[in-house]
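The values are calculated or read from the model by the stated rules, or taken from the named source; none is laboratory data. Because the structure is a prediction, the values reported are computed rather than measured. Note that each Cβ is placed from the backbone with ideal geometry, even for glycine, and that neighbours are counted across all protein chains shown. The protein model used for the area step is the full one, side chains on, heavy atoms only, and it has no ligands, DNA or RNA in it. Shrake-Rupley method; radii C 1.70, N 1.55, O 1.52, S 1.80 Å.
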Amino acid sequence: MKEETVNAFESRKKDHIKHCLNESVDVSSDQFASIRLTHQALPEINFDEVDIQANLLGHTFSSPIFISSMTAGHTQGKDINQLLAKVCESKNWLFNVGSQRHQLQNDSQVDAWQDLKQQFPNVKMAANLGLSQLIDADLKSVESVLNSIDALALIIHLNPLQEALQMEGTPNFKGGLAKIKTLAESLSVPVVVKETGCGFSVDTLRSLIGSGIQVVDLAGFGGTHWGRVEGLRASDVQETMMTQLSQTFANWGVPTVESLMSLQSLSLDYKVWASGGVRSGLDVAKCLAMGAEAAGIARPILLAALKGEQDLLDLMSFYEQELRVALFCTGSAGPSEIKGKWKWTGTN
């Protein structure tokens, strides 16, 4: 694993926030437009009977919507994470934190995470580390990262395209599946495997059967594309090759809806979450109908958070209400009841 100075790490993370605000990194393909939920004119339930609570990782949340991993490791990230932790504690949403990579080689951030947990003791968080860094990491170091936020789970993020296009990247994934199995067997918490915007093929989903993981978060093509983000960073410092490579691979990935459709033909021994282009509570409902247990949102949450706490709370409440309406109009009293109530229209 490449050593990276604290200053270099913080600079890279600041760049990520800056460029995630650029509209060009958002794929903005309304992939969910091709999915139609089955309207039930006689739902046989009252609207106030719709309960959107969900059990994820053995814990009850007020909603199957979670905040997807975004940022960590720098001053602005700390401020954003404090707000996200606060609203997730208030709303009882699962908060999946940004990459904690630097803690594997530098413990300077441990206090910040522990302070966050002390400030918001009831927030439920999942830790997050990249596979290319975990391959050479020892279990003690990984457990230390988990303990710093009292994590419910470890998210292992897979990001081969991003690592290949990142100027400081570590595109080393040999032995990755074996490491995932070892971690799933050995850690004190469940393991979630996720992509970072390029999604999962059927072959990859199959390869994870029997690995011991509890969840795959699809994080498919359709939302923020980290290859595009790295291209903007390269452009800032006139790294011509990386900039051009990013343009070549700007549309690389498996769309979230495509992965969800593939679930119909697979028999998996783990749960599936959906993220990547989820932009509304209606999109969440479509993900649940197609077999996902939960759905995550990142960039819209970030944009609202930068406006302020009330904007963020209002957006989260709106997503919840959109989900309730979708459940009600499909005759579903809860998230699990909407499964299968969808049709692919073949149009966008």
Hull volume per residue for the chain, using the convex hull of the C-alpha atoms, in Å³ is 126 Å³
Tilt, helix 110-119 to longest principal axis of the chain (alpha-carbon atoms), in degrees rounded to tens, equals 30 degrees
For 212-219, 240-247, 77-84, ranked highest to lowest by mean beta-carbon neighbours within 10 Å, the order is 212-219, 77-84, 240-247
The simple spin-label model distance between Glu185 and Thr60, using points 7 Å out along Cα→Cβ, in nm, is 3.6 nm
Simple spin-label estimate for Phe318/Asn92, 7 Å along Cα→Cβ, in nm, reads 2.4 nm
For the chain, dividing by residue count, accessible area per residue (probe 1.4 Å) in Å² works out to 42 Å²
Among Phe328, Phe318, Phe32, the residue with the largest mean-square fluctuation in a Gaussian network model of the chain built from Cα contacts under 10 Å is Phe318
Along region 301-310, Karplus-curve 3J(HN,Hα) (6.51, -1.76, 1.60; θ = phi - 60°) to the nearest Hz, with x for Gly and Pro, reads 5, 4, 4, 5, 4, 5, 7, x, 4, 5
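Once every DSSP H run of n ≥ 4 in the chain is given -39500 (n - 2.57) and the sum is divided by its residues, what mean residue ellipticity at 222 nm do you get, rounded to the nearest 500 deg cm²/dmol?
Values: 14 runs with 145 residues, N = 348.
Dividing the helical sum by the residues of the chain leaves -12500 deg cm²/dmol.
When DSSP assigns beta bridges and you keep just the ones with both residues in the chain, what percent turn out antiparallel, to the nearest 5? Could the numbers behind the result be given before it?
Working: 7 of 30 bridges.
Beta bridges within the chain, antiparallel portion: roughly 25 percent.
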Note to self: C-alpha centroids of region 135-160 and region 188-217 sit apart, in Å, by 15 Å
Within the under-14-Å Cβ sphere about Ser63, not counting Ser63, Lys/Arg +1 and Asp/Glu -1 give a net charge of -3
Hits in region 327-343: amide N under 16 Å from the 7 Å Cα→Cβ extension of Arg36, namely 330, 341-343
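For region 226-341, what class follows from the C-alpha gyration tensor (a ≥ b ≥ c being the square roots of its eigenvalues): rounded when a/c is under 1.5, otherwise prolate if a/b is larger than b/c, else oblate? It would help to have the intermediate numbers written out before the result.
On the way: a/c = 3.59, a/b = 1.49, b/c = 2.41.
Because a/c hits 1.5 or more and a/b fails to exceed b/c, region 226-341 counts as oblate.
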Candidates Asn128, Asn251, Asn106; GNM for the chain (alpha-carbon contacts under 10 Å) flags as most fluctuating Asn106
For the chain, the percent of accessible surface on carbon and sulfur atoms (probe 1.4 angstrom, ligands and nucleic acids excluded) is 49 percent
